[in-house]
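A short worksheet on the structure shown next.
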Amino acid sequence: MANIQKLGVIGAGQMGNGIAHVAAQAGLTVVMLDVAEAALAKAVATITKNMDRQVQKGTLAAADKDAALARIATSTDYAAFKDCDLVIEAATEREDIKQKIFAALTPHLRADAIVATNTSSIPITRLAAATDRPGRFVGMHFFNPVPMMKLVEVIRGLATEDATVAAVAALAERMGKTVAFAADYPAFIVNRILLPMINEACFALQEGVGDIASIDAGMKLGCNHPMGPLELADFIGLDTCLAVLEVLHQGLGDSKYRPNPLLRKYVEAGWLGRKSGKGFYDYASTPPKPTR
């Protein structure tokens with residue numbers, strides 16, 4: 001399974017369409033699945049727009065764009081994955097949903113096919129145990145926006161075979177990514193370090209240490225970060241930030257990972273960040289205005 005040629009992607013959202021984009025551009029045949037035809041159409045439109053931007057910048061030839069788009073097929077039927085060498089699940093960050101997806105997926109796969117999950121925090125070993133192929137199950141965590149971000153975390157579960165790790169690492173490099181190998185601990189490497197920083201920024205905001213603009217300016221200008229932590233939380237999605245923090249808190253049992261109450265309140269209000277139009281910033285205006 002070292003030479004992966006046909007890739008399945010489950011989920012046509014931000015992460016799924018980004019993975020399909022870089023896979024097709026790398027020469028793979030791609031099948032992208034979602035429960036809604038409208039989501040698939042939107043995803044293909046997004047990929048096309050992003051590739052058009054690459055053509056305008058001179059980083060992608062127009063002929064290569066057309067060839068890449070022609071390699072992407074869409075479906076709402078898991079049977080479309082029957083010939084795939086690898087299927088990457090890129091659904092929402094909820095373990096119950098992911099397990100239902102794997103239950104629906106695996107009966108349609110070849111016995112030698114690999115299953116990967118793009119989870120940003122959920123233990124790989126536990127997800128793998130819910131499938132019929134824990135040896136051919138692995139974490140393959142891309143970062144948003146996928147076409148621009150160069151890192152992929154590859155995470156092996158307790159039962160993951162060496163050949164599986166080697167195959168997905170080689171695929172990530174073929175997609176132009178750098179691989180970081182992470183152990184199967186809650187949130188892996190990047191989010192284990194990043195989310196506590198975002199959480200602490202939320203506590204600083206709640207306690208009045210600084211307002212949103214000051215906290216973000218402090219980290220951008222004081223630490224040379226390209227985005228402040230609250231701006232970045234909006235970009236990631238506050239619901240996703242909360243989900244990762246809950247995995248960290250439950251999985252490690254340390255109070256330092258306790259999700260901030262203000263962050264939870266924003267999620268309960270439906271203020272999820274950029275994708276909902278409001279989070280720590282209100283995106284109804286340009287530039288966005290802080291909400292506190």
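Identify the residue in the stretch 178-199 that is surrounded by fewer than 15 Cβ atoms within 10 Å (Cβ to Cβ) and touching a strand residue (DSSP E or B) at 6+ places or on another chain (Cβ under 8 Å) and, among all such residues, is farthest from THR125 (Cα to Cα).
THR178
Counting only residues that are touching a residue at least 24 places away in the same chain (Cβ under 8 Å) and surrounded by 15 or more Cβ atoms within 10 Å (Cβ to Cβ), how many does the stretch 236-261 have?
Of the residues in that region, 16 qualify.
Checking the condition assigned by TED's automatic domain parsing to the domain that holds ALA169, in contact with a strand residue (DSSP E or B) (Cβ under 6 Å, 6 or more places away or on another chain), closer than 20 Å to PHE143 by Cβ and among the small types (Gly, Ala, Ser), which residue from ALA43, ALA23 passes?
Values: ALA43 fails: in contact with a strand residue (DSSP E or B) (Cβ under 6 Å, 6 or more places away or on another chain).
Every option except ALA23 fails the conditions.
Any idea how many residues of the stretch 144-179 are over 24 Å from ALA130 (Cα atoms), free of Cβ contacts under 8 Å to residues at least 40 places away in the same chain and in contact with a helix residue (DSSP H, G or I) (Cβ under 6 Å, 6 or more places away or on another chain)?
Residues meeting the conditions: 1.
Exactly one of (1) under 12 Å from GLY8 (Cβ atoms); (2) crowded, with 17+ Cβ neighbours inside 10 Å; (3) in contact with a His (Cβ under 7 Å, 6 or more places away or on another chain) is unmet by VAL115. Its number?
Result: VAL115 passes all but (3).
Considering the stretch 122-177 alone, what residues qualify as being part of a strand (DSSP E or B), among the aliphatic types (A, V, I, L, M) and either crowded, with 23+ Cβ neighbours inside 10 Å or not assigned by TED's automatic domain parsing to the domain that holds LEU86 (or both)?
Start the filter on the stretch 122-177 by keeping residues that are part of a strand (DSSP E or B), which leaves 137-142, 151-156.
Next cut, among the aliphatic types (A, V, I, L, M) only: 138, 140, 151-152, 154-155.
Once the filter is applied, which keeps residues that are part of a strand (DSSP E or B), among the aliphatic types (A, V, I, L, M) and either crowded, with 23+ Cβ neighbours inside 10 Å or not assigned by TED's automatic domain parsing to the domain that holds LEU86 (or both), the stretch 122-177 yields VAL138, MET140, VAL152, VAL154, ILE155.
The values are calculated or read from the model by the stated rules, or taken from the named source; none is laboratory data. Owing to the predicted nature of the structure, the values given are computational and were not obtained by experimental measurement. Cβ coordinates were reconstructed from backbone atoms using ideal geometry, including for glycine residues, and neighbour counts include every protein chain displayed.
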